[in-house]
Amino acid sequence: MSAQTQTWTPSSWRTKPVAQDVEYPDQNALGKVLNKISSLPPMVTPSEIERLRHQLSAVQRGEAFLLHAGDCAESFDACTHENISSKIGLILSFSLILIWGARLPVVRVGRIAGQYAKPRSSNWEKVDGREVLSFRGDNVNGLDPNDRTPDPERLLSAYFHSTTTLNYIRGLLTSGFASLHHPRDWSLGHVRSVALRAEFEKIVDGLSDALDFARTIGVESERPYEQGGGRGSLGEVDFYTRWVFAVLGLMLAYEEALTREFAVPSGNPTTPGAPRFAQPARRSASKKHHYNTGAHFIWIGDRTRQLDHGHVEYFRGIRNPIGVKVGPTMGEGELVGLLDVVNPDKEAGRVTLITRYGAKKIDSHLEGHIRAVQKSGHPVVWVCDPMHGNTHTASSGLKTRDFAAIIEEITACLRIHTSVGSRMGGVSLEFTGELNDEGYSVTECVGGSMGLSEEELSLRYASFCDPRLNFEQSLDVAFMLSEHYKKEHSGKAVGGGGRANVLYAELGGRSPV
């Protein structure tokens, strides 16, 4: 029986093999925890999920840009108001730079509020000469070598840390933190680069002039967020999250516990003044669907995309928009076959393809994947992940990524999409606004306008998973993309000028397209 004809239920994945699974020694304890989680309130709502689907369809049409960004993995200890505020501030700063240059709305999907898991190539690792179970993230076991037995109670801790994070984010976004009236509050104060600060200040000054003009002509006559009321069109952003659990196959049972059946919302009102692309069409509420209520957007990893495995089986039945990681080992026929299973009706906004080849391999694979999808007629959002294919180990033994390789993969992606009549709809980045006690950014990726060297990686290396771009390096990427899209919509060739000169120099003087 094919996947398309087999009856789907939230538990039908159990009839399939499951990669990257976690083995719990106490199955009774696991069952009790999952029963508890299945009775807890949803973390996200069907209305939010439907709105994201609609906005992703706008990205697909080239009417918006998708920014998917945040930490590679979170820890329970990092669930603090300082860390959350800095992450949101960086995402908002990146978005503002993109909006200013591209003149497109930005759909933000944060890697936050649930990134408590990590995949491992082996179930075992050696620590101080002792073989122990691999650390799989705070939602599974502890980093301490003596705390490696998978503990179901950690899933409950993950639920509550996630809801705490979401609650604080929603509070930030309804209190004026995201308002365009004061973007300097978004953590830019610690940026050491004079050039970077100056370029951001230019945008802020231009924005202030635009807002003054808007108030003069009556577009916005008051600032309701300052009076404790609604946010208004300039004080509101939509913000979505994704979780890592189903993505990496660590706990499909957890995803099942978070899967609930709801009628598709008949209307999806948004705040007056919100961008038109954010307004979904009204639909009938008669039909019910299953939603994963632990996240707005989840994805299938490059190691868990087997057509006959549990992950694809689970993902094909939920209504959430989903992502699929596409790497150099995925065949063109396999990609189309996967799309046939998870989106047989070819619905817009349903599937986002996140390509992650590496700078040296993208030219060998991306064009073929694009042409295969184009021929199939499947509507997709194409997103570039320039991080995961460009990881290497420094001489110090620390994992790192070279900023030049990250830029090279992004620019190659832009060029290839343009050459075949397609469009790169967004980027997927691992970055952080995290600061140490002295107020300095992390040092995990080399290069960028700050010229970070391998010898400096150990100064402030904080990630226990993958290396992340710091605040300055992230804004470097934002300015490069902003300049590219600004020149694209003005009809000018992409080339030198401004921050692009610094970034293109890392590529030996080559321009993106």
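Things to note:
- If you go through region 413-439 and keep only what is open to solvent by 60 Å² or more (accessible area, probe 1.4 Å) and either touching an Asp or Glu at 6+ places or on another chain (Cβ under 9 Å) or not in a loop (DSSP other than H, G, I, E, B) (or both), you end up with 415, 418, 419, 435.
- Test: residue in region 474-489 that is hydrophobic (A, V, I, L, M, F, W, C), modelled with pLDDT of 80 or more and in contact with a Gly (Cβ under 6 Å, 6 or more places away or on another chain): no
- Close contacts from region 380-398, counting a first residue that is without any contact (Cβ under 8 Å) to a residue 40 or more places away in the chain and a second that is open to solvent by less than 30 Å² (accessible area, probe 1.4 Å) and of a type in the set (D, E, K, R), with Cβ to Cβ under 7 Å and a gap of 6+ residues or different chains, come to 390/401; 390/409.
- Filtering region 59-107 to residues that are open to solvent by less than 20 Å² (accessible area, probe 1.4 Å), in contact with a strand residue (DSSP E or B) (Cβ under 7 Å, 6 or more places away or on another chain) and under 22 Å from residue 175 (Cα atoms) leaves 70, 86, 90, 91, 94, 95, 106, 107.
- Considering region 449-478, and only residues there that are small (Gly, Ala, Ser) and over 21 Å from the mean Cα position of the chain (by Cα), the residue that is most open to solvent (accessible area, probe 1.4 Å) turns out to be 458.
- Residue 301 meets the stated requirement of being open to solvent by less than 10 Å² (accessible area, probe 1.4 Å) and modelled with pLDDT under 85.
- Within region 24-47, being buried (at least 19 other Cβ atoms within 10 Å of the Cβ) and either under 30 Å from residue 105 (Cβ atoms) or of a type in the set (Phe, Trp, Tyr) (or both) holds for 24, 43, 44, 46.
- Flag for residue 23 being in contact (Cβ under 8 Å) with a residue 60 or more places away in the chain and closer than 30 Å to residue 441 by Cβ: no
- Lone unmet requirement of (1) in contact (Cβ under 8 Å) with a residue 60 or more places away in the chain; (2) part of a helix (DSSP H, G or I) for residue 115: (2)
- Residue that is least open to solvent (accessible area, probe 1.4 Å) [pool: residues in region 304-320 that are farther than 27 Å from residue 413 by Cα and among the basic types (Lys, Arg)]: 319
- Leading residue by the ranking (nearest to residue 472 (Cα to Cα)) among those in region 108-134 that are among the hydroxyl-bearing types (Ser, Thr, Tyr) and open to solvent by less than 10 Å² (accessible area, probe 1.4 Å): 116
- For region 440-474, residues that are touching a Cys at 6+ places or on another chain (Cβ under 9 Å) and either among the basic types (Lys, Arg) or not in a loop (DSSP other than H, G, I, E, B) (or both) total 5.
- Long-range neighbours under 7 Å by Cβ, at least six apart or interchain, first residue on the phi < 0 side of the Ramachandran plot and in a helix (DSSP H, G or I) within region 159-170, second surrounded by fewer than 21 Cβ atoms within 10 Å (Cβ to Cβ) and at pLDDT 95 or above: 159/37; 159/40
- Pairs where the first residue, in region 321-347, is without any contact (Cβ under 8 Å) to a residue 12 or more places away in the chain and crowded, with 16+ Cβ neighbours inside 10 Å and the second is of a type outside the set (Asp, Glu) and not in a loop (DSSP other than H, G, I, E, B), C-beta under 7 Å, 6+ apart: none
- Residue that is farthest from residue 155 (Cα to Cα), among those in region 65-77 that are modelled with pLDDT of 90 or more and out of contact with any Gly (no Cβ under 8 Å at 6 or more places or on another chain): 77
- Between 174, 165, the distinction of being within 23 Å of the chain's Cα centre (by Cα), modelled with pLDDT of 90 or more, more than 17 Å from residue 95 (Cα to Cα) and surrounded by 12 or more Cβ atoms within 10 Å (Cβ to Cβ) belongs to 165 only.
The values are calculated or read from the model by the stated rules, or taken from the named source; none is laboratory data. Since we're looking at a predicted model, the values are computed, not measured. Backbone-built Cβ (ideal geometry, glycine too); neighbour counts: all protein chains shown. The area values use the complete protein model at the heavy-atom level, side chains included, leaving out ligands, DNA and RNA. Shrake-Rupley method; radii C 1.70, N 1.55, O 1.52, S 1.80 Å.
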